[in-house]
Amino acid sequence: MQTYDRYVNAVPTYHGFGKHLLKQMVDEVQVAMNHSSKTVLLGFNDYAKHLINLFGESNQILAVVESDSQKHGWKFRSIPVMALDEAMQLQPDVFVCTAVEERHEFLGRITAHPDYRRQPISYFPRPTTMEESVYQPWSHSSFYRRLRQLKAQAPISMMDEQKILFLLELLEQTLYLSGDVLEVGVWQGGSAWFMAHLLLHEALPKKLVLVDFFETLPRANSESVMCLDEIKSSFAFYPHTLIYQGNVDLHPEFVNMRQYCFIHYDLGFDAARLQLCFDCLQPGGILLLDNYGLITANPCLFEHWFAQRGHRIAAAPHSEQGWVIKHA
Ligand SMILES: C[S@@+](CC[C@H](N)C(=O)[O-])C[C@H]1O[C@@H](n2cnc3c(N)ncnc32)[C@H](O)[C@@H]1O
């Protein structure tokens with residue numbers, strides 16, 4: 001026990017590595033070793049390497065499972081790195097997840113296997129706080145993690161990560177429907193950029209229609225920093241993007257040329273504009289109102305408008321967003 005403690009204490013502290021996590025992992029693997037359990041580590045990283053240094057000679061660590069296929073076939077101190085399916089064939093008893101951010105995905109993939117339906121896996125940090133206990137897509141889903149990495153390339157958005165998450169989760173709900181995707185109120189393209197990435201990821205050839213004043217917004221307006229060339233360039237990765245510049249109230253054709261499964265309405269209340277958009281929404285489609293809950297924008301205006309049409313706005317729990325599912 002003391003030998004392990006000494007080893008862990010001597011590991012240097014560096015960015016992205018949690019010594020307290022390694023301590024928790026060592027305790028867990030030690031229990032597995034004491035029970036002579038055949039153990040598989042999930043994630044080839046420094047935690048796994050340290051565990052192999054400490055316990056690899058016992059021959060009870062069968063393999064390290066890694067999502068990155070480029071690492072399959074590698075060995076570290078003769079412990080092989082492989083895909084999950086291959087490791088399952090070794091019939092392990094215990095899974096220790098050293099890939100902190102992938103724990104939710106590994107749990108899902110292991111319990112999808114018929115022999116491991118009820119398999120507990122040891123994951124870290126041990127869920128002691130609410131934050132550690134709850135699935136957090138920006139950290140735990142490979143799609144959102146990749147988006148986060150790409151985020152440096154994203155145009156600036158007025159929306160924070162939580163609001164973008166809600167936007168994408170709702171958009172995803174509607175992708176089974178036919179029709180395209182509309183954003184009215186694009187500004188520099190920040191929220192739309194994330195929508196385009198989701199559409200690309202789902203490999204759906206849906207058009208992404210973006211409507212804003214862009215450079216026709218008067219120079220004196222404090223939001224007037226939209227450069228059309230810059231916005232076009234930001235969306236080059238998604239060739240199904242259609243960008244329309246001008247006042248949507250004067251150009252209904254920007255909107256009503258198509259039907260939509262999802263509309264992100266990110267501007268203030270206007271009855272005619274709302275009607276224009278809602279008329280083009282497929283039954284079952286979702287309209288997300290970004291500014292619904294802002295008291296300064298008067299949420300009742302939106303509520304009355306939808307109530308008159310037999311619809312009700314659902315308020316998002318942690319932001320001013322509200323959404324409506326169009327009745328079939
Ligand atoms: C809140 S911002 C959009 C923020 C954006 N979705 C983001 O992620 O940062 C609202 C935008 O609506 C646009 N807008 C407001 N009224 C408009 C109109 N009548 N026609 C076209 N665009 C309009 C403004 O130019 C502004 O860029």
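The values are calculated or read from the model by the stated rules, or taken from the named source; none is laboratory data. Fair warning: this is a prediction, and the values are worked out from it, not measured in the lab. Positions of Cβ are generated from backbone atoms using ideal geometry, with glycine treated the same way; all protein chains shown enter the neighbour counts. Calculation scope for accessible area: heavy atoms of the full protein, side chains included, ligands and nucleic acids excluded. Shrake-Rupley method; radii C 1.70, N 1.55, O 1.52, S 1.80 Å.
Taking the chain as the reference, fit the longest principal axis to its C-alpha atoms, fit the long axis of helix 19-34 to the helix C-alpha atoms, and give the angle between the two in degrees, 0 to 90, nearest 10.
Helix 19-34 sits at roughly 50 degrees to that axis.
In the stretch 2-135, what is the volume of the convex hull around the alpha carbon atoms, normalised per residue and reported in Å³?
Per residue, the Cα convex hull of the stretch 2-135 comes to 118 Å³.
For the chain, what is the calculated [θ] at 222 nm in deg cm²/dmol (nearest 500), taking -39500 (n - 2.57) for each run of four or more DSSP H residues and dividing by its residue count? Write down the numbers at each step before the final one.
Working: 14 runs with 121 residues, N = 328.
Theoretical 222 nm ellipticity from helices: -10000 deg cm²/dmol.
Sorted by accessible area (1.4 Å probe), largest first, how do R312, R145 line up?
R312, R145
Determine the percent antiparallel among the DSSP beta bridges restricted to the chain, to the nearest 5.
Antiparallel: roughly 20 percent of the beta bridges in the chain.
How long are the three semi-axes of the equivalent ellipsoid of the stretch 91-225, in whole Å, if each is the root of 5 times an eigenvalue of the C-alpha gyration tensor, listed from largest down?
38, 18, 11
What pairs from K151/K326; K163/K232; K19/K75 go past 27 Å between their alpha carbons?
Violating the 27 Å Cα-Cα cut-off are K151/K326.
For K206, list the aspartates and glutamates whose Cα falls under 14 Å from its own Cα; do not include residues on the same chain fewer than 8 positions away.
E172, D180, E183
So what is the accessible area of the chain per residue, in Å², with the probe set to 1.4 Å?
51
How far, in degrees from 0 to 90, does helix 190-201 lean away from the longest principal axis of the Cα atoms of the chain, to the nearest 10?
Between the helix axis and the principal axis of the chain, the angle is about 60 degrees.
With a bin width of 10 angstrom, please list the P(r) values of the chain as percents of all Cα-Cα pairs, from the 0 bin to the one holding the largest distance.
Taking all Cα pairs of the chain, the binned fractions are 5, 22, 24, 17, 16, 12, 4, 0 percent.
Given H placed on each backbone N at 1.01 Å, which residues far from A63 in sequence or on other chains put an amide H within less than 5 Å of it?
Amide H neighbours of A63, under 5 Å, 5+ apart: L41.
For the stretch 140-325, what is the Kirkwood hydrodynamic radius in Å, using each pair of distinct C-alpha atoms?
Taking the inverse mean of 1/r over all distinct Cα pairs, the stretch 140-325 comes out at 16.7 Å.
Report, by chain and number, residues whose modeled amide H sits under 5 Å from the one on L267, excluding near sequence neighbours (fewer than 5 apart, same chain).
The answer is D290, N291.
Take the solvent-accessible surface of the protein heavy atoms, probe 1.4 Å, and return the percent of it on the chain that carbon and sulfur atoms account for.
So the carbon and sulfur contribution to the accessible surface is 52 percent.
Please list 3J(HN,Hα) in residue order for the stretch 311-328, calculated via the Karplus relation 6.51 cos²θ - 1.76 cosθ + 1.60 where θ = phi - 60°; whole Hz, with x for glycine and proline.
My calculation for the stretch 311-328 gives 10, 10, 8, 9, 8, 6, x, 10, 7, 7, 5, x, 9, 10, 9, 6, 5, 6 Hz in order.
Remind me, relative contact order of the chain in percent, using alpha carbon pairs under 8 angstrom and six or more residues apart?
Relative contact order, the chain: 11 percent.
If the reach is capped at under 14 angstrom between alpha carbons, list the aspartates and glutamates near K38, excluding any in the same chain fewer than eight residues apart.
The qualifying aspartates and glutamates are E28, E57, D93.
Under the rule of at least 5 residues apart or a separate chain, name every residue whose amide H is placed under 5 Å from the amide H of D180.
Q259, Y260, C261
Which order do F76, F95 take when ranked by solvent-accessible area (1.4 Å probe, heavy atoms of all protein chains), largest first?
Ranking F76, F95 by accessible area, largest first, yields F76, F95.
In the stretch 4-26, which residues have a backbone nitrogen under 17 Å from the label point lying 7 Å from N34's Cα in the Cα-to-Cβ direction?
Once the point is set 7 Å along Cα→Cβ of N34, 4-6, 23-26 turn out to lie under 17 Å by backbone N, inside the stretch 4-26.
Does anyone have the angle between helix 161-174 and the longest principal axis of the chain? Alpha-carbon axes, 0 to 90°, nearest 10?
Its long axis makes an angle of about 80 degrees.
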